[in-house]
Each structure stands twice: as structure tokens, then as C-alpha cells.
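Trainee: Please read through the structure below; I'll follow up with questions.
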Amino acid sequence: MGKININIKSGSIERKKVAVGIDLGTTNSLVAYVEDGGNNSQIIPIRGRYTVPSIIHFNDDNLPIVGEWAKEHLSDTPERTVYSIKRLLGKSYSDLEGDSKKIGYRIIDEGEDQLVKVEIAGKFYNPIELSSLILKELKQQAEEYLNADIEQAVITVPAYFNDSQRQATRDAGKLAGLNILRIINEPTAASLAYGLGQEDGKTILVYDLGGGTFDVSLLIIEDGVFEVLSTAGDTNLGGDDLDNNIIEHWRQNCLKNENLSLKQIQNLRIKAEEAKKYLSQNKEEYSLSWEGVEIKLSFEKFKELSNEWIQKTLKLVDRAIKDASITINEIDEIILVGGSTRHPEIKKNLVEKFPGIHVNSEVNPDEVVALGAAIEADVITSKRTDVLLLDVTPLSLGIETAGGLMDFLIPRNSKVPTRLAREYTTSVDGQINMKIAVYQGERELIAQNRKLGEFILSDIPAMPAGLPKIQIQFALNTDGLLNVTAQELRSGVKQSIEIQPSYGLTDQEVENMLRAGLENAQSDVEERLLLEAKNEAEQLIYAAQRFLDKNSKFLNSEEIIATNQRIADLKSLIIVTDRHKIHQGIEALNEYTRPFAERVMDVAVKKALKGSNIN
Ligand code: ADP
Ligand code: MG
């Protein structure tokens with residue numbers, strides 16, 4: 001293993017450098033690489049095992065131990081043993097809702113909007129530091145195994161991770177001493193591992209059910225290019241939930257509804273997972289003597305406990321298909337990813353749901369994501385051109401425009417990287433500042449979407465309303481990070497921000513935002529039309545008043561009074577909620593004042609013909 005490179009200039013021996021792919025999972029983490037010049041990626045064993053539990057235990061000296069050895073302490077010292085840290089990445093305490101109650105270690109509330117911290121024996125750690133401990137273990141152990149330096153890595157994240165969570169993942173990598181080449185979506189990585197050597201024009205559905213997250217993606221392969229058609233999922237749905245269902249079943253049926261201590265629950269969780277894995281392979285009853293009580297689970301009961309859980313995933317599969325605007329017949333293949341897809345009922349349900357479509361689990365579902373990430377790392381570092389990767393953004397991005405409306409610049413499921421610019425202008429004469437507020441979400445009103453950040457474009461030269469040309473550009477990079485730039489094109493003044501919100505959305509919120517967008521589509525459009533009518537009315541009132549101020553000399557007093565009356569009428573209509581009435585008011589004011597505008601124009605034209613200037 002390992003080559004020796006000799007630096008001819010210095011005569012020193014250099015270690016080989018390897019770029020790796022890392023699946024930083026909620027439950028298990030893996031690292032893989034592509035051997036020099038090779039085409040196949042392979043998992044790098046860590047302390048003799050392929051998968052490393054994403055668990056960190058702090059011993060009595062507060063030294064961290066990661067992986068299999070840490071897992072053993074889940075039941076004896078849960079307060080010193082951190083698991084599922086990925087669920088806390090990039091989140092604030094208020095994002096967690098009830099989640100923290102299920103966790104054996106202590107999560108610290110330092111205020112609503114602060115990132116969560118974990119307290120272990122009086123010391124505080126944030127989820128980025130804790131995740132970096134897992135990455136450090138992978139890096140060090142893989143370096144030892146390969147006898148090489150690992151400096152560069154591609155890390156995968158669930159498709160639903162928002163900007164904050166992606167940034168936190170990147171930071172964890174940096175903290176572990178890695179240069180992060182790219183953050184890619186797990187289903188995309190998996191399809192990459194499968195995609196090599198596959199025929200062109202294939203539409204693939206990636207079904208990824210892990211320990212804590214579920215992702216479904218539709219991809220198409222064209223000329224060796226992977227294109228993501230749509231993604232859906234739920235980062236609060238995974239094998240853990242089934243374990244919890246089993247624990248609850250035992251508690252109610254075998255343990256007489258006893259209140260269990262945290263330690264007991266942790267211990268039962270290990271047994272529940274054992275039962276689950278057993279029943280995934282054997283259709284016989286699982287039974288065990290636990291603290292003197294017999295606990296058991298039949299295959300039938302196991303199926304029953306899994307049913308709702310599986311159905312939830314199938315609903316999300318339907319959504320992804322709908323979003324991709326394809327029919328079921330167009331799917332050529334289904335790929336199973338994640339340890340939980342070893343549950344036989346999953347494959348069975350998918351085969352039933354998609355008759356005639358091959359449900360593929362040839363590549364080990366635990367390893368496929370890391371294997372794909374390694375291929376991507378290899379592609380980037382060796383400048384291979386035979387594969388290319390496109391991801392999509394899960395939620396729409398836009399800015400606030402007049403009346404609290406959302407103007408969508410990048411619609412959801414857009415391929416990244418992407419860049420889009422649109423021109424805006426001022427609504428008030430002499431306006432020198434413009435607020436650019438950036439939102440994420442599917443609703444027409446910004447109030448119902450999520451604010452990502454805002455900034456002020458200042459020093460716009462004073463000009464009449466409508467004259468400044470303000471270009472707003474959204475650039476979303478391959479990590480899903482958003483750069484927003486505003487520039488007044490006449491003067492060149494420019495301002496920009498990189499959006500890295502200090503904390504993220506709960507996974508449930510992302511779900512809810514998508515669902516709300518679909519459910520409220522009709523009423524949102526009504527509301528939007530009303531707001532647009534109001535905006536139009538306000539602008540017309542403003543313009544009419546300005547016209548009167550400047551040009552009253554061309555109008556007689558009767559005309560001025562009548563115009564003011566129509567302005568007042570329209571003002572009173574803005575308060576009502578009937579957009580048709582507002583449009584009537586707009587029409588009335590427009591109709592009445594049009595001849596005056598023509599009169600002023602005529603005078604101006606005549607003057608111009610005489611060679612004098614207007615005003
Ligand atoms: P993650 O991507 O969340 O890190 P993995 O893909 O490693 O997760 O999957 C871990 C999950 O897979 C756990 O919930 C584990 O219990 C489950 N799992 C592993 N093997 C089996 C099996 N044979 N049958 C059912 N579930 C399994
Ligand atoms: Mg996974």
C-alpha cells in the first residue's frame with residue numbers, strides 16, 4: 001500500500017496525497033477514495049471496519065473517542081456520549097422543538113437565535129466542533145491506512161440541508177484540517193457511484209433511507225452528465241424512528257408502560273436496532289430477556305410498526321415524481337441507498353408500486369454515498385471530464401418587492417450552480433437607498449417565507465423615481481451558498497452579501513414550507529393580484545399628485561378639483577380588499593387625467609419645435 005514520492009529538488013521523501021469522499025452520516029460515516037489512475041472507488045477501512053458510527057464519547061479526562069468504541073458508552077454514560085450530531089448542525093435551540101428531549105446528552109439554550117451547544121461534564125462544544133471530531137478520526141485513520149496525506153475532501157449532505165447546514169458542514173471539514181473541494185447531495189453522490197458505466201438517457205430514482213434522514217431524487221444521465229430533475233425528502237425520517245416505534249411497542253406491551261430511565265431507553269434502543277436487523281433477515285420472532293422481562297417482536301408486528309413509516313417515504317417519492325414533471329413509466333431504474341433500505345418491506349413496496357422497474361441494490365447501500373463522493377473528489381482533482389455533476393436547490397429564492405410580495409429569482413429545483421439577474425428601480429423621487437431583503441420559500445408573500453438576510457444599497461445618486469437601473473444578481477454556487485449583489489447601473493454603485501444564515505430551519509419547517517406553497521397556491525395568487533392592484537394604485541396616486549404639483553398651470557380649477565377627487569376616491573379604495581374595485585378606481589383616475597397629459601405633451605412638443613427646452 002502507498003507509494004513513495006521523492007522530491008527531486010529537495011531530495012526529500014514526500015508522502016502521496018489522496019483526495020477522499022466522505023459520507024458524514026447521521027448514524028454512520030464512511031470515507032472512500034479512487035486509487036491513482038483507477039476508475040473504481042473503494043471504502044477505506046477505519047480501525048478494521050468500513051462504517052464508523054457517528055458517535056463521540058468523552059472519557060473521564062474529557063478526551064474524545066469516536067466510532068465503535070464510543071457507541072458502547074451510549075447506555076452506560078449517555079450524558080457523555082454524543083450521537084446524531086448531524087441533526088443539530090447549523091441549528092439554533094428554537095429550531096429543535098421537541099427534539100432535544102429525546103437526546104441523552106445535554107443541549108444548552110443560550111437564547112432563541114443562538115446556535116445550540118452541547119454540554120459534556122461542564123465543557124461546551126458546538127455541533128461543528130463535534131462533527132469535526134468525526135472527520136478528524138476518519139482523516140487520521142485513513143491517512144494511517146493509506147500511508148498518505150489527506151488534505152482534500154468532498155463531503156456529502158442530505159438534499160434538504162439549507163445554506164446554514166451546508167456551511168456548518170464545510171466549517172467542520174476545515175476544522176478537521178481538510179480543504180473541502182465541494183459539498184454534494186447524498187443522492188447525487190449515490191447515483192454517481194451507480195451512474196458510471198450506465199447507458200445514457202436513463203432516468204433514475206434514488207431512494208435513500210438512512211438512520212435519520214430520507215431523501216428521494218430523480219436524476220437523468222445524458223452523455224455522462226448527471227442532471228438532477230427533482231428532490232424531495234424529510235430529514236426527520238429514518239431508521240431511528242422505527243427503533244423508537246419498537247421501543248414504544250415494548251414499553252406498552254412488554255414493560256407495562258413503565259417510565260424508563262434514559263439509560264434504559266438507550267439500552268433498549270440498541271436492542272430495538274438488533275431486533276430490526278434480525279427481522280430484516282429472518283422472518284421469525286425476535287425475543288430477548290431484558291432486565292428479567294421477556295421482550296419480543298414478531299415479523300408481523302414488525303411489519304405493522306414499519307408500515308406507516310414506509311408509506312410516509314412513498315408519499316415523498318410521489319412528490320419528487322410530480323416535481324420532475326415525469327410519469328412513472330419514464331423511470332428506468334430505482335436505486336436503494338442507506339442502511340434502512342435493507343428492510344425487506346421497502347424493496348417489496350417499491351417493486352409493487354413500480355411494476356416492471358428494476359429496484360437496484362447491487363452497490364452496498366451503506367457505502368454507495370461515500371463511493372460516489374470519492375469519484376467526485378477524483379473528478380475534481382484529476383480534472384476528469386467524463387462526468388459532470390448538477391445539483392438542484394430545494395427551496396425558491398427571491399427578494400421582497402413593493403407591498404411585501406416575493407419576487408422569485410431562483411425557483412426551487414433549479415440546477416446549481418446558477419446565476420440570475422433582474423432589474424429593478426426606485427419608487428420615490430430622489431431615493432438614495434434601497435433595501436434588498438432576501439427570502440427563501442414558496443409563498444407569494446414574503447411574510448410567509450423565511451428571511452435569509454438583507455442589506456442596503458446606499459449612495460444611489462438622486463434621480464426621479466423609475467430612472468435608476470438597479471440590477472440584482474443571485475449567484476448560487478455548487479455548495480448551495482447564495483451570493484446576492486445589487487448594482488445601480490447608471491452610477492456603478494454596488495453592494496453584495498454572501499448568505500450564510502447564522503442558524504437554519506428545522507427539517508419540518510422545510511417540509512411545511514414546501515407543502516404550504518402547494519396548498520396555498522390558489523389563495524396566494526388572489527392575494528398577490530390584490531397587492532399588485534394596491535401597488536399600482538399607489539404608484540398612480542403618486543404620479544398624479546406629482547403631475548398636479550408640476551403642471552397645474554395647464555389645468556383649470558375645476559379640473560384640479562375633479563382630479564383631486566378621483567385621487568381621494570382611489571385612496572379610499574386601497575383600504576378595501578376588492579381588487580376589481582381598485583382597478584375601477586385606477587381606470588377612473590387614468591381616464592380622467594389622460595387628456596391633461598396629452599395637453600402637457602402638446603405644449604412641450606410645440607415648444608420643442610420652436611427650439612426651446614421644456615421647463
Ligand atoms: P445515515 O445515512 O443516517 O448515517 P445509514 O445509511 O448508515 O445512515 O443507515 C443507518 C440506519 O440503517 C440505521 O437506522 C440502522 O439501524 C439501519 N440498518 C442497518 N442495517 C440494517 C438492516 N439490516 N435492516 C434494517 N435496518 C438497518
Ligand atoms: Mg446516509
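The values are calculated or read from the model by the stated rules, or taken from the named source; none is laboratory data. Since the model is a prediction, treat every value here as computed from it, not as a measurement. Reconstructed Cβ throughout: ideal geometry from the backbone, glycine too, with neighbour counts over all protein chains shown. For the accessible areas, the whole protein counts, side chains as well, though only heavy atoms, and no ligand, DNA or RNA atoms are used. Shrake-Rupley method; radii C 1.70, N 1.55, O 1.52, S 1.80 Å.
Trainee: Please find, within region 335-361, the residue that is farthest from ligand 1 (Cβ to nearest atom) out of those that are surrounded by fewer than 20 Cβ atoms within 10 Å (Cβ to Cβ) and either under 20 Å from Pro158 (Cβ atoms) or without any contact (Cβ under 8 Å) to a residue 12 or more places away in the chain (or both).
Mentor: Only one residue tops the list, namely Gly356.
Trainee: Can you pull out the strands (runs of 3 or more DSSP E) entirely within region 30-88 that have at least 1 residues that are hydroxyl-bearing (Ser, Thr, Tyr)?
Mentor: Output list reads 41-43.
Trainee: Select, from Gly466, Gly430, Gly492, the only residue that is out of contact with any Phe, Trp or Tyr (no Cβ under 6 Å at 6 or more places or on another chain) and free of Cβ contacts under 8 Å to residues at least 12 places away in the same chain. Working first, answer last.
Mentor: Values: Gly466 fails: free of Cβ contacts under 8 Å to residues at least 12 places away in the same chain; Gly430 fails: free of Cβ contacts under 8 Å to residues at least 12 places away in the same chain.
Step by step, each of Gly466, Gly430, Gly492 is checked, and only Gly492 is out of contact with any Phe, Trp or Tyr (no Cβ under 6 Å at 6 or more places or on another chain) and free of Cβ contacts under 8 Å to residues at least 12 places away in the same chain.
Trainee: Suppose we filter region 35-84 for residues that are open to solvent by 20 Å² or more (accessible area, probe 1.4 Å), under 22 Å from Ala193 (Cα atoms) and either in contact (Cβ under 8 Å) with a residue 60 or more places away in the chain or more than 16 Å from ligand 1 (Cβ to nearest atom) (or both); how many remain?
Mentor: Total meeting the criteria: 11.
Trainee: Turning to a different aspect of this structure: Select from region 26-45 the residues that are modelled with pLDDT under 95 and within 13 Å of ligand 2 (Cβ to nearest atom) and list them in ascending order.
Mentor: If the condition is that a residue be modelled with pLDDT under 95 and within 13 Å of ligand 2 (Cβ to nearest atom), then Thr26, Thr27 are the ones that fit.
Trainee: Do we have Ile575 as in contact with a helix residue (DSSP H, G or I) (Cβ under 7 Å, 6 or more places away or on another chain) and either in the same structural domain as Arg528 (by TED's automatic domain parsing) or among the aromatic types (Phe, Trp, Tyr) (or both) here?
Mentor: The answer is no for Ile575.
Trainee: Something else about it: Quick one: which residue in Arg419, Arg384 is touching an Asp or Glu at 6+ places or on another chain (Cβ under 7 Å) and modelled with pLDDT under 90? Don't jump to the end; show me each part of the working.
Mentor: Working: Arg419 fails: touching an Asp or Glu at 6+ places or on another chain (Cβ under 7 Å).
Only one candidate qualifies: Arg384.
Trainee: Hey, among the residues in region 288-326 that are at pLDDT below 95 and hydroxyl-bearing (Ser, Thr, Tyr), which one's farthest from ligand 1 (Cβ to nearest atom)?
Mentor: Once the filter is applied, the top-ranked residue is Ser325.
Trainee: Return the residues of region 205-239 that are at pLDDT below 90, open to solvent by 10 Å² or more (accessible area, probe 1.4 Å) and either away from ligand 1 (no atom under 16 Å from the Cβ) or not hydroxyl-bearing (Ser, Thr, Tyr) (or both); say none if nothing qualifies.
Mentor: Ile220, Glu222, Asp223, Gly224, Val225, Glu227, Leu229, Asp234, Asn236
Trainee: Here's a follow-up. Taking into account only those residues within region 398-419 that are crowded, with 16+ Cβ neighbours inside 10 Å and aliphatic (A, V, I, L, M), which is nearest to Gln495 (Cα to Cα)?
Mentor: Selected residue: Ile399.
Trainee: Pairs only if they're at least six apart or on different chains, beta carbon under 8 angstrom, first in region 265-288 and free of Cβ contacts under 8 Å to residues at least 60 places away in the same chain and part of a strand (DSSP E or B), second more than 16 Å from ligand 2 (Cβ to nearest atom) and among the β-branched types (Val, Ile, Thr); list them, first residue then second.
Mentor: Hits for this filter: Ser287/Ile295; Leu288/Ile295.
Trainee: Here are some residues: Glu151, Glu144. Which one is among the charged types (D, E, K, R) and not in a helix (DSSP H, G or I)?
Mentor: Among Glu151, Glu144, only Glu151 is among the charged types (D, E, K, R) and not in a helix (DSSP H, G or I).
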